[in-house]
Amino acid sequence: MDCTLHRHLLEAYLDGELGFERTLEVEAHLASCRICSSEVQSWKDIRAEMQAPELYHRAPEELENKLRKLLPQGRTERTPWFQRWIWAGGGAAFATAVLLMSLTIMRPPAPSPEQDIVTSHVRSLMADHLMDVVSTDQHTVKPWFDGKLDFAPPVQDFAADGYPLAGGRLDYLENRKVAVLIYHRALHVINLYIWPAQDNGSSTMRVQTVHGYNVVSWKKGGFEFRAVSDLNTAELRDLTRLFMP
C-alpha cells in the first residue's frame with residue numbers, strides 16, 4: 001500500500017470504518033511502515049488523552065451563580081454591549097467545545113488490543129508468513145530470537161501433550177516488537193504472542209472471542225501471553241495451563 005495515495009485509509013482505520021479485509025491490508029502495511037505506524041499510534045494516544053475523565057470539570061457553584069445573575073431573564077433594562085459581546089463569544093466557544101467533544105465521543109473506538117492480535121493472527125495465515133524459523137526443537141527456536149528482541153521469550157515444546165511446537169516469528173503490536181510461538185493442535189494453528197509485562201505478577205486466564213477466533217490472555221513470570229486460534233476454548237485453555245503449572 002502506497003503511503004501517499006492511500007493515507008486517507010489511516011483515518012478510516014482509526015474510525016473503525018474499514019471492512020475486515022481492508023483492515024488486514026492496513027495492518028499489514030503498518031507492520032512494515034514505521035512512519036504510518038508511528039502516526040497511527042500518535043492519534044490513538046491523543047484520543048485516549050482527550051477521553052480522560054480528568055479533563056471534565058463541573059463549574060464551581062459560585063461561578064455558576066454569577067453567570068446566572070448575568071442572564072437577561074426578568075430584566076427590563078438593556079444589557080450593556082460588553083456583556084452581550086461576552087455572552088456571544090462565550091456561547092460560540094461553548095458551542096465549539098461541545099461540537100469537538102461530540103465528534104470525539106461519536107467516533108467509533110479504535111480497535112482493541114485483542115482485535116489487533118486477531119488481525120495479526122489472520123494476516124499471518126493469509127500472507128504466508130506464519131514462521132520466520134521453522135523447527136520443532138525449542139533449543140533451536142529460543143536462540144533464534146537472540147539479538148532480535150530486547151527480551152528472551154520462554155520457549156517450550158508440548159508435543160507430548162498434543163501441542164507440538166512448529167516454530168516462531170517476530171511481529172509488531174502496540175508499537176513494539178513481540179515474539180510469536182506457533183503451535184499445532186491437529187489441523188489448527190495457534191499463535192502465542194509474548195512480550196514483557198509491566199510487573200512480575202501473575203493473572204488468571206481471560207477468554208474473549210473476536211471475529212470467530214478465541215483469544216486467551218494471561219500474565220506470568222514477567223510476561224504477557226496471548227494465545228489466538230480458531231481452536232475451541234477448552235483445548236486452548238489446556239495449552240494455557242501447560243504454561244501455568
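The values are calculated or read from the model by the stated rules, or taken from the named source; none is laboratory data. A quick note: this is a predicted structure, and the numbers were derived from the prediction, not measured. So basically every Cβ, Gly included, is an ideal-geometry build from the backbone, and we count neighbours across all protein chains shown. For accessibility, only protein heavy atoms count, side chains too; no ligands or nucleic acids. Shrake-Rupley method; radii C 1.70, N 1.55, O 1.52, S 1.80 Å.
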- [ ] Averaging sequence separations of C-alpha pairs under 8 Å and six or more residues apart, then dividing by the length of the stretch 115-245, give the relative contact order as a whole percent.
- [x] 19 percent
TODO: Excluding residues fewer than 8 places away in the same chain, name every one of the lysines whose C-alpha is closer than 23 Å to that of residue 142.
DONE: 177, 219, 220
Task: Carbon and sulfur %, accessible surface of the stretch 132-225 computed with the full protein complex present, 1.4 Å - done: 49 percent
- [ ] Just reorder 233, 23 by solvent-accessible area, largest first, 1.4 Å probe, all chains present.
- [x] 233, 23
Open item on the list: Expected output is a single nm value to one decimal: the length gained when fully extending between residue 199 and residue 160, i.e. 0.36 nm times separation in residues minus the C-alpha distance. What is it?
Closed with: 10.9 nm
Open item on the list: Probe of 1.4 angstrom, ligands and nucleic acids ignored: what's the accessible area per residue over the stretch 103-245, in square angstrom?
Closed with: 49 Å²
Task: Label point distance in nm, residue 49-residue 188, each placed 7 Å from Cα along Cα→Cβ - done: 4.2 nm
TODO: Note the full-extension length gain between residue 206 and residue 149 as 0.36 nm times their separation in residues minus their Cα-Cα distance, in nm to one decimal.
DONE: 17.9 nm
